[in-house]
Each structure stands twice: as C-alpha cells, then as structure tokens.
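The values are calculated or read from the model by the stated rules, or taken from the named source; none is laboratory data. Just so it is clear, the structure is predicted and the values come from calculations on it, not from any experiment. Methodologically, a virtual Cβ is constructed for each residue, glycine included, from the backbone with ideal geometry; neighbour enumeration extends over all protein chains shown.
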C-alpha cells in the first residue's frame with residue numbers, strides 16, 4: 001500500500017508538519033522523562049493502529065536505550081512488572097485520553113490523581129500535550145496511509161530543516 005499524500009512534498013503539508021514538529025520539540029524539551037515520552041507515544045500509536053508511529057517510537061526508544069522487554073510489554077503494561085508507578089499513571093492517562101470516545105467519563109479522576117501524584121505541573125502539562133499531539137499525529141499517519149517498517153532512528157529531526 002502506498003501513502004495517499006506525501007505531507008512534506010506539499011507546501012501546506014510541510015508548514016503543518018513543521019509546526020507539529022515544533023510542538024513535539026517543546027514537549028521533548030520539557031521535564032517529562034524521555035523514556036516516559038516514548039512509552040506514551042508508543043502506547044497511543046498501538047491503540048490507534050498507526051504502524052508508521054509504532055515504528056518510529058519503538059526504534060527511537062530502543063536507540064535511546066529502552067529495553068526490548070519493556071517495549072514488548074507496553075501493550076500489556078497492566079499485566080507486567082517492568083514499569084514504574086509513574087509510568088503506569090502516564091500509560092493509564094494515555095489510554096483514557098486516546099479512547100475518549102469509548103469512555104463516557106473521559107479521563108477518570110482516579111487516573112488524574114495518579115498523574116498528579118507522580119508528575120509536577122510542568123510535567124503534567126507536557127504529558128497531556130503529548131497525548132493530544134501523538135493522537136493527532138496517529139490520525140495523520142493512518143488517514144494518509146503511512147506505513148511502518150522503514151524508519152531510521154532520529155530521522156524525524158530532518159522535518160525541522
């Protein structure tokens with residue numbers, strides 16, 4: 001299957017892509033731990049079925065030193081022992097924030113309480129923004145039919161140029 005449109009080969013698409021990347025850079029530069037950022041992006045991408053983003057975040061996390069055991073267990077994080085309580089709170093927020101249409105309550109007060117227990121205000125804002133941005137990016141990837149498999153770690157940095 002071929003991508004429907006190359007976002008970056010189009011002037012409007014390139015402007016939008018660069019702005020999405022700029023927001024992502026602000027989140028990456030936040031005090032939210034980098035390993036948590038990759039786990040969150042991977043989990044949302046799994047839920048949304050975005051192979052392109054799963055490929056990116058699996059490879060970037062591995063290149064940054066994340067273990068294959070933890071990467072392999074992200075989809076089953078509730079039934080594993082390899083994630084910290086803080087990471088579990090972030091993954092719960094990711095799932096509830098990604099599945100808003102499936103959950104009548106949206107993000108539960110219990111999950112939000114866990115997030116605030118483990119993350120200060122700057123980190124919480126970065127986490128919420130990350131969940132929103134990866135969901136938007138996943139939708140672009142799925143709608144445009146971008147395929148996973150050929151990503152090289154760090155290649156997204158080329159978007160900024």
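Look at residue 32 and say whether it is part of a loop (DSSP other than H, G, I, E, B) and touching a residue at least 24 places away in the same chain (Cβ under 8 Å). Spelling it out, residue 32 is indeed part of a loop (DSSP other than H, G, I, E, B) and touching a residue at least 24 places away in the same chain (Cβ under 8 Å).
Would you say residue 126 is under 15 Å from residue 38 (Cα atoms), touching a helix residue (DSSP H, G or I) at 6+ places or on another chain (Cβ under 8 Å) and in contact (Cβ under 8 Å) with a residue 40 or more places away in the chain? Yes, satisfied. Checked against (1) within 15 Å of the chain's Cα centre (by Cα); (2) not in a helix (DSSP H, G or I), residue 150 passes all but a single condition, namely (1).
Do we have any residue at all in the stretch 89-104 that's buried (at least 19 other Cβ atoms within 10 Å of the Cβ) and without any contact (Cβ under 8 Å) to a residue 24 or more places away in the chain? Among the residues of the stretch 89-104, at least one is buried (at least 19 other Cβ atoms within 10 Å of the Cβ) and without any contact (Cβ under 8 Å) to a residue 24 or more places away in the chain, which makes the answer yes. Across the stretch 61-80, the qualifying residues are those that are in contact with a helix residue (DSSP H, G or I) (Cβ under 6 Å, 6 or more places away or on another chain) and assigned to a helix (DSSP H, G or I), and the one among them that is surrounded by the fewest Cβ atoms within 10 Å (Cβ to Cβ) is 75.
Would you be able to say whether some residue in the stretch 98-107 is part of a loop (DSSP other than H, G, I, E, B), more than 23 Å from residue 154 (Cα to Cα) and under 16 Å from the mean Cα position of the chain (by Cα)? Looking for residues that are part of a loop (DSSP other than H, G, I, E, B), more than 23 Å from residue 154 (Cα to Cα) and under 16 Å from the mean Cα position of the chain (by Cα), one finds at least one in the stretch 98-107, hence yes. Residue count for the stretch 105-123 under the criterion of being out of contact with any helix residue (DSSP H, G or I) (no Cβ under 7 Å at 6 or more places or on another chain) and surrounded by 13 or more Cβ atoms within 10 Å (Cβ to Cβ): the result is 2. The listed residues are 39, 7, and the only one of them that is within 18 Å of residue 86 (Cβ to Cβ) and either within 13 Å of the chain's Cα centre (by Cα) or modelled with pLDDT under 95 (or both) turns out to be 39. Scanning the stretch 41-59 turns up at least one residue that is in contact with a helix residue (DSSP H, G or I) (Cβ under 9 Å, 6 or more places away or on another chain) and not in a helix (DSSP H, G or I). Write out, first by first residue and then by second, each pair whose Cβ atoms fall under 6 Å of each other, whose residues are 6+ apart or on separate chains, and whose first residue, in the stretch 1-25, is on the phi < 0 side of the Ramachandran plot and in contact (Cβ under 8 Å) with a residue 60 or more places away in the chain while the second is loosely packed, with under 12 Cβ neighbours inside 10 Å and part of a helix (DSSP H, G or I). Taking only residues 6 or more apart or on different chains, the pairs are 21/160. Here residue 83 fulfils each of the conditions (1) outside any helix (DSSP H, G or I); (2) exposed (fewer than 15 other Cβ atoms within 10 Å of the Cβ); (3) touching a residue at least 12 places away in the same chain (Cβ under 8 Å) apart from (2).
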